[in-house]
Amino acid sequence: AGSHPLKPAQASTTGTLTNHGTLPPGTSDLTLNGRLVSDGTIGFVTADSGASARTIAVTGEANVAGSKLSYAAGSYLPDKAYTFLTAADGLKGSFTDAAGEKVTSLFSLKELSTSANAATASFAIANKSGHARCGAAAYL
């Protein structure tokens, strides 16, 4: 029996998902019926022309201590808080991404925050020196 990678387009999985590699973003939201334990990379992608992000919804607890986001090309709206992970039984740990970190040639991470049950990210358009500045919607 071989390894069967999770394909987020399948939209759900059951049990405990342990991620030491990359949990890629999908073309639809993903529901994990159980727990998420991650110290790997979690994919981030926007949807609806930047109006929202694809969400990983965990019905149990999510522990993301030491995880990092990977960012897919798409539309991003500056200063919009995108919820990309929810956990019904609580979110523990924090991501290693740092504010001001360059995400793409056009965007910097403005803020990555976690609350008791959700993780959100917001972005700023970066100028040529890589520093954040205000602006309109942009496309990668």
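The residues of segment 46-95 expose, per residue, 38 Å² of accessible area to a 1.4 Å probe. Annotation: extensible slack from Ala116 through Ser28 equals 29.3 nm (criterion: 0.36 nm per residue apart, minus Cα-Cα distance).
With θ taken as phi - 60° and the Karplus curve 6.51 cos²θ - 1.76 cosθ + 1.60 applied, the whole-hertz 3J(HN,Hα) list for segment 36-44 is 10, 10, 9, 10, x, 9, 10, x, 10 Hz, x standing for glycine and proline. Applying Stokes-Einstein at 25 °C and 0.890 mPa s to the Kirkwood radius of segment 20-102, computed over alpha-carbon pairs, gives a translational diffusion coefficient of 187 µm² s⁻¹. Ordering 88-94, 22-28 by mean Cβ neighbour count within 10 Å, with the highest value first, yields 22-28, 88-94. The alpha-carbon atoms of segment 83-122 define a convex hull whose volume equals 57 cubic angstrom per residue.
Cross-link partners of Lys92 among aspartates and glutamates, defined as those whose alpha carbon lies under 15 angstrom from its own and excluding same-chain residues fewer than eight positions apart: Asp39, Glu61.
Shown in residue order for segment 66-78 are the 3J(HN,Hα) couplings computed by the Karplus curve 6.51 cos²θ - 1.76 cosθ + 1.60 at θ = phi - 60°: x, 6, 10, 8, 10, 10, 8, 4, x, 8, 10, 9, x Hz (x for Gly and Pro). Potential lengthening of the chain between Thr14 and Ala88 amounts to 25.2 nm, from the contour at 0.36 nm per residue minus the alpha-carbon distance. The length gained by stretching the chain between Lys102 and Ala51 to full extension, at 0.36 nm per residue less their Cα-Cα distance, is 16.3 nm.
The values are calculated or read from the model by the stated rules, or taken from the named source; none is laboratory data. Since the model is a prediction, treat every value here as computed from it, not as a measurement. Reconstructed Cβ throughout: ideal geometry from the backbone, glycine too, with neighbour counts over all protein chains shown. In case anyone asks, the SASA skips ligands and DNA or RNA and just uses the protein heavy atoms, side chains included. Shrake-Rupley method; radii C 1.70, N 1.55, O 1.52, S 1.80 Å.
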